[in-house]
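Each remark here refers to the structure printed beneath this line.
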Amino acid sequence: MMFRTLAAALCVATVLSACSTPTTFVQVPPAPVTERVNIAFRSVEVRAVSLPTYAASEEIYGQGADGVLASATSARWADVPERAITLELSRNLAELTGARVAPEPWPFDARPAATVDVRFEDLLAGANGVFRTSGQYFVSSESGRERSGLFRLDVPYDVAAGPDAIAQARARAILDLATLIARKAL
């Protein structure tokens, strides 16, 4: 009897999973770096970013007109957001500055001259067509030069274009953040 119940449950689960929408994985395309920023450090470590719970999820969240956060039903980020955003920030800083930049753990023998730590308060696609990022960054160095700052960066996107537009806006926001940090803190 127990075998029949288990077999029936497996059949129902199989039928239900066959009816569900397939998951789409959305990659974030690199935003093109078109400028160069001179900085005071030859090497920079980027610590793993700190994200709000919804932004750390593999689900792609957006904010509705009522202010409620909801995830796209079948779209997921192609990479874990904390890892992906840390790598995006590291790549952008390297391309912007020409310095040796790497995410933690630092892969080289010589210690980095500076360390960047970013903590996001918001990283969210709004119903109004604005991808909003805000939070705080910290830069410390072996020389004792320390900086911190608040940021709020808004990037427009086409709400009707869905998750791909959100991915492009996120890429632009992370590049804008890297540029801000390079100019003001490095």
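The values are calculated or read from the model by the stated rules, or taken from the named source; none is laboratory data. Just so you know, these numbers come straight off a predicted model, no measurement behind them. Cβ atoms come from the backbone with ideal geometry, glycine included; neighbour counts cover every protein chain shown. SASA here: full protein model, heavy atoms, side chains in, ligands and nucleic acids out. Shrake-Rupley method; radii C 1.70, N 1.55, O 1.52, S 1.80 Å.
Report the GluC sites (Glu not before Pro) located in the range 91-186 that are in a DSSP loop and have at most 12 other Cβ atoms inside 10 Å of their Cβ, or state none. Loop-located and lightly packed - Glu142, Glu146.
The residues of the range 53-99 expose, per residue, 46 Å² of accessible area to a 1.4 Å probe. Restricting the range 38-123 to chymotrypsin sites (Phe, Trp or Tyr not before Pro) that sit in a DSSP loop and have at most 13 other Cβ atoms within 10 Å of their own Cβ leaves Phe108. In plain terms, the chain from Ala161 to Arg119 could stretch by 12.3 nm, reckoned as 0.36 nm per residue minus the Cα-Cα distance. For Ser71 and Arg152, the FRET efficiency from 1/(1 + (r/R0)^6), where r spans their Cβ atoms and R0 equals 25 Å, is about 0.60. Per atom type, the range 76-141 shows carbon and sulfur on 45% of its accessible surface, probed at 1.4 Å.
Using a Förster distance of 22 angstrom, determine the FRET efficiency expected from the C-beta separation of Phe108 and Asp79, and round it to 0.05. With R0 = 22 Å, the Cβ-Cβ based efficiency is 0.40.
Taking amide H as placed 1.01 Å from N in the peptide plane, the amide H of Tyr157 sits under 5 Å from that of Val130, Phe131, each at least 5 places away or on another chain. For a label point 7 Å from the Cα of Ala48 along Cα→C-beta, name the residues of the range 82-97 whose backbone N is under 13 Å from it. Of the residues in the range 82-97, 82-87 have backbone N under 13 Å from the label point off Ala48. Which of these values of Kirkwood radius over Cα pairs in Å was calculated from the structure shown: [x] 18.2; [y] 17.6; [z] 16.9? The value computed from this structure is option [x].
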